[in-house]
1. For the range 47-72, enumerate the residues that are farther than 30 Å from T92 by Cβ, surrounded by 10 or more Cβ atoms within 10 Å (Cβ to Cβ) and of a type in the set (D, E, K, R).
2. Could you tell me which residue of the range 73-100 is modelled with the highest pLDDT, considering only residues that are within 25 Å of the chain's Cα centre (by Cα) and loosely packed, with under 10 Cβ neighbours inside 10 Å?
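The values are calculated or read from the model by the stated rules, or taken from the named source; none is laboratory data. Note that this is a predicted model, so its numbers are computed, not measured. Using ideal geometry, Cβ is built from the backbone for each residue, glycine included, and neighbour counts are taken over all protein chains shown.
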Amino acid sequence: MSPDLTHCRALLHRLTEAHRNAIRAIRKIKYFVARRKFQQARKPYDVRDVIEQYSQGHLNMMELQRRLDQTLGKPGSYLAGIDKSGNVKPMTIGARLYRVEQQLVLLDKKLDQMLFICNGLAQKTQLPEIRNSDEHV
């Protein structure tokens, strides 16, 4: 046996009766606490509490959904800026992002057209051809 283990066993034999009683009392308290927690866990749920918690969670989820719809707009709602009654809808982040993407697509098409025209002019005047930045990749 190692000297540490022998030392620990020697300490166990030297415990006074008061120490042993204190250890027993602590173990009994731990047992009673664990038994009470177990019995509480076995209790049937109060249906009203369960329904109330479900309702509260549902309200929280609906509030989050409302805030998301207010910020981003409902899916598909940012495609048009006017609602059914002809009123202009407020611009959501999703609508603004969609408009920026559409403008970038149009700008890209215009740049391609300008590049095509410039290359046509360069060929007529025998200048070196201008290359699209996409062709270098």
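1. To start, the set of residues in the range 47-72 that are farther than 30 Å from T92 by Cβ comprises 47-54.
With the extra rule that they be surrounded by 10 or more Cβ atoms within 10 Å (Cβ to Cβ), the set shrinks to 50-54.
E52 - this is the single residue of the range 47-72 that is farther than 30 Å from T92 by Cβ, surrounded by 10 or more Cβ atoms within 10 Å (Cβ to Cβ) and of a type in the set (D, E, K, R).
2. Narrowing the range 73-100 to residues within 25 Å of the chain's Cα centre (by Cα): 73-78, 91-98.
Those still in the list that are loosely packed, with under 10 Cβ neighbours inside 10 Å too: 75-76.
On the way: P75: 66, G76: 60.
Filtering the range 73-100 for residues that are within 25 Å of the chain's Cα centre (by Cα) and loosely packed, with under 10 Cβ neighbours inside 10 Å, the one modelled with the highest pLDDT comes out as P75.
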